[in-house]
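The values are calculated or read from the model by the stated rules, or taken from the named source; none is laboratory data. It should be emphasised that the depicted structure is a prediction, and the values quoted were computed from it without experimental measurement. Neighbour counts are summed over all protein chains in view; Cβ atoms, including those assigned to glycine, are modelled from backbone coordinates with ideal geometry. Heads up: the accessible areas ignore ligands, DNA and RNA and are worked out on the full protein's heavy atoms, side chains in. Shrake-Rupley method; radii C 1.70, N 1.55, O 1.52, S 1.80 Å.
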Amino acid sequence: MKATDATFSEIVNRSVRVPAILVVVSSRLPESVVYLGDVIEAARSFQGRVQVVSIDIDTNPGMLRALQVQSVPVTIGLLQGQAIPMFAGVAPRDQVRGVLEQFLDLAIQQGVTGRIELAERAAVDEEDLPPLHQEAFDAIERGDLAGAATAYEAALAADPKDLDAQAGLATVGLMQRTQGVDLASARAAAAQHPDDISAQALVADLDLLGGHIEDAFGRLIELVKRTSGAQRTAARDHLLQLFTVVGNQDERVKRGRTALMSALF
């Protein structure tokens, strides 16, 4: 399965049910693509207990920043929304298999025992999209984030309770805010200005995009605790947007909402 800047958050969220191996490749480096094939081959013997996902950083620069990739290929485990570093560079096939076995043992210990069929059914369901949702998806695929936002806004105008459109619009907003952002510079600015809403919110966005969901929530909850008035409202509203991106059924969102209520009252 291929991931993009637009679909990465969904892949991370799906790892709550099905363990995933993310292989970061570059279409300009054939050896990374060959290595991806080795990982896929090693995963086949586990009969759907792990899903292999690839992402091409040449066409998905957001992931290059979010994952802080220095060179490719890079192999990362995704389990319950958390990223687990595995390999940097090309690893021998037998070593890949051994690490996959350990990864699956960890998944079982954490109660993540789904199989790839769950993800495949979800992907099939997503192919049959309402017209405005399809328009938004197509816009994202061609890099037209403004067009995607317009399509989702139209869907919400037609049905304000369209939860998928709400999540889609929030995700597009996340992508727009992080487009072209240098991760190191953003973190440095946030460290220098701990109570700057914009600086902290941007790092929270980048954390969420990189799969560090609880870190993103925690940063903004602490900001809510430290601020008041318009600043507190801005921090709260930004956090609510990130809750929408992840999805209200996610346990981390449920915990985050409880923590937010405690911070507010």
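Just one residue in the set Ser45, Ser27 is open to solvent by 10 Å² or more (accessible area, probe 1.4 Å), farther than 22 Å from Gly247 by Cβ and modelled with pLDDT under 80; that residue is Ser27. For Arg219, the criteria (1) open to solvent by 20 Å² or more (accessible area, probe 1.4 Å); (2) modelled with pLDDT of 95 or more; (3) closer than 28 Å to Asp162 by Cβ hold in every case but one, which is (3). Within the stretch 52-88, the residues that satisfy the criterion of being open to solvent by 20 Å² or more (accessible area, probe 1.4 Å), over 18 Å from Val203 (Cα atoms) and outside any strand (DSSP E or B) are Ile57, Asp58, Thr59, Gln70, Ser71, Val72, Gln80. Being touching a Lys or Arg at 6+ places or on another chain (Cβ under 7 Å), modelled with pLDDT under 95 and either surrounded by 13 or more Cβ atoms within 10 Å (Cβ to Cβ) or among the aliphatic types (A, V, I, L, M) (or both) holds for only one residue in Leu208, Leu183, and it is Leu183. Within this structure, Ala199 passes the test of being part of a helix (DSSP H, G or I) and touching a His at 6+ places or on another chain (Cβ under 6 Å). For first residues located in the stretch 40-55 and free of Cβ contacts under 8 Å to residues at least 24 places away in the same chain, partners that are crowded, with 22+ Cβ neighbours inside 10 Å and of a type in the set (Phe, Trp, Tyr) and lie 6+ apart or on another chain with Cβ distances below 6 Å do not occur.
Let me confirm something: among Ala190, Ala165, which residue is assigned to a helix (DSSP H, G or I) and either touching a residue at least 60 places away in the same chain (Cβ under 8 Å) or farther than 16 Å from Ser9 by Cα (or both)?
Of the residues listed, the single one that is assigned to a helix (DSSP H, G or I) and either touching a residue at least 60 places away in the same chain (Cβ under 8 Å) or farther than 16 Å from Ser9 by Cα (or both) is Ala190.
Restricting to the stretch 98-115, what's the tally of residues that are among the β-branched types (Val, Ile, Thr) and open to solvent by 80 Å² or more (accessible area, probe 1.4 Å)?
2
Only a single item in (1) assigned to a helix (DSSP H, G or I); (2) within 24 Å of Ile213 (Cα to Cα) is not met by Val18, and it is number (1).
Across the stretch 168-187, which residue is nearest to Phe137 (Cα to Cα) among those that are small (Gly, Ala, Ser) and part of a helix (DSSP H, G or I)?
Gly168
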